[in-house]
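Worksheet: the structure to be examined is printed underneath.
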Amino acid sequence: MPMASHLRSWLKATHQQATSLPLSPQIVRDGLATLTKQYTSDNINMAAIVNCTVAQSNIHCRIYQPELKPPHQANATHLPVILFLHGGGHLCGSIDIYDAISRQLASCCQAIVVTIGYRLAPEHPYPAGIDDALHSLLHIHETLTTMGVPFTNSLSLVGDSAGAAMAATLVQQLQYQEKELINKLVLIYPSLDYTLSARSLGVHGEGYLLESKKIEWYFDQYFTEHADRHGASPLFGKLTHAHPETLVLTAQYCPIKDDGRRYYHRLLAHHVKAFYLEQPNSIHAFLNLPDLMPEASAHTYSAIAKFLS
């Protein structure tokens, strides 16, 4: 599908502005926060929001309890749970920046969403963030019980970009032991290959907001000098039939969309039930830009809600 004219114009202006800025963790962090705030006008009300720490840790988290919609209003006192791992290239993003996305997930899916503030690179390189995510996942029910939040035993894992890489990593780690813990997995424009072998990087690696040089820089901040990037890449990890049912969502003009597509085909080859959906007329991180790409955002939340229902 040809790119919408308004998106093409926006990308051109954004690219011209971005080329004049140096790359540093703080500049990238501020940039993501500014873009998200500028292009997110809708803020969905919640029945309750709880800020706390994950049980047996000092990992910050935020618990979102949605206002119930029909037919859930009648008898839903306990809701399913989503653990959400935000994106940001492993070195930016936060609970606050992804607040609107967390609210949308809770409302659309009629689920309790727990978003965690995992440690970020370069201050805390690989695998610190994954360690935080794993602890949060294993203690999510204890955390909810401690905070007095009623829940069902249905637990899904949703990851966005770098958060999707972490989510896929956790699933692969747990498929041998805690294989019944995670019911379903959702990967939103996932970054799954730290070796940068995706063909789509050459096609959409420049001029589409997330650029190949920037991705390479992100990974250089995330990994120490001698880290095994191939071994850390979920795309090349071992899969078994115990891998949970998975929905992979990508964007038409995303430079890493082949990561998601290749992972989807690997899941099918291992007889894992999986679904793949590419949003047309969209770029990486479109959920952070819902006012710019409202159709892609709405369709994505609808697809996630349908998959998790």
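The values are calculated or read from the model by the stated rules, or taken from the named source; none is laboratory data. Values in this document were obtained by computation on a predicted structure and should not be read as measured data. Don't worry about glycine lacking a Cβ; one is built from the backbone with ideal geometry, like all the others, and counts go over all protein chains shown.
Miscellaneous remarks
- When the criteria are applied in full, residue 194 meets the requirement of being assigned to a loop (DSSP other than H, G, I, E, B), under 25 Å from residue 93 (Cβ atoms) and of a type in the set (Phe, Trp, Tyr).
- Condition check for residue 111: under 20 Å from residue 232 (Cβ atoms), surrounded by 23 or more Cβ atoms within 10 Å (Cβ to Cβ) and either charged (D, E, K, R) or at pLDDT 95 or above (or both): no
- Test: residue in the range 153-161 that is within 25 Å of residue 51 (Cα to Cα) and assigned to a loop (DSSP other than H, G, I, E, B): yes
- Across the range 147-163, the qualifying residues are those that are over 15 Å from residue 126 (Cα atoms) and aliphatic (A, V, I, L, M), and the one among them that is surrounded by the most Cβ atoms within 10 Å (Cβ to Cβ) is 157.
- Residues that are surrounded by fewer than 20 Cβ atoms within 10 Å (Cβ to Cβ) and in contact (Cβ under 8 Å) with a residue 40 or more places away in the chain, drawn from the range 164-174: 172
- All positions within the range 203-219 that are under 17 Å from residue 91 (Cβ atoms) and over 20 Å from the mean Cα position of the chain (by Cα): 213
- Set 94, 107: member being in a helix (DSSP H, G or I) and of a type in the set (S, T, N, Q): 107
- Pairs where the first residue, in the range 216-241, is closer than 26 Å to residue 267 by Cα and part of a loop (DSSP other than H, G, I, E, B) and the second is of a type in the set (Asp, Glu) and at pLDDT 95 or above, C-beta under 9 Å, 6+ apart: 233/193; 233/259
- Among the residues making up the range 3-54, those that are assigned to a loop (DSSP other than H, G, I, E, B), closer than 30 Å to residue 78 by Cβ and not polar (S, T, N, Q) are 42, 44, 54.
- Some residue of the range 246-267 being touching a residue at least 40 places away in the same chain (Cβ under 8 Å), more than 23 Å from residue 216 (Cα to Cα) and surrounded by 19 or more Cβ atoms within 10 Å (Cβ to Cβ): yes
- If only residues of the range 131-146 that are more than 18 Å from residue 89 (Cβ to Cβ) and within 16 Å of the chain's Cα centre (by Cα) are counted, the one that is surrounded by the fewest Cβ atoms within 10 Å (Cβ to Cβ) is 134.
- Selection status of residue 53, within 21 Å of the chain's Cα centre (by Cα) and within 27 Å of residue 192 (Cα to Cα): no
- Qualifying residue in the range 181-188 (condition: touching a Ser or Thr at 6+ places or on another chain (Cβ under 9 Å) and either part of a loop (DSSP other than H, G, I, E, B) or under 26 Å from residue 20 (Cα atoms) (or both)): yes
- Residue count for the range 10-51, restricted to those that are surrounded by 11 or more Cβ atoms within 10 Å (Cβ to Cβ), closer than 20 Å to residue 254 by Cβ and of a type in the set (Gly, Ala, Ser): 2
- Among the residues making up the range 175-198, a single one is among the basic types (Lys, Arg) and at pLDDT 95 or above: 184.
Conditions tested, residue by residue: (1) touching a Phe, Trp or Tyr at 6+ places or on another chain (Cβ under 6 Å); (2) more than 18 Å from residue 139 (Cβ to Cβ).
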site: 24; (1), (2): no, yes
site: 27; (1), (2): no, yes
site: 34; (1), (2): no, yes
site: 43; (1), (2): no, yes
site: 62; (1), (2): no, no
site: 71; (1), (2): no, yes
site: 76; (1), (2): no, yes
site: 82; (1), (2): no, no
site: 89; (1), (2): yes, yes
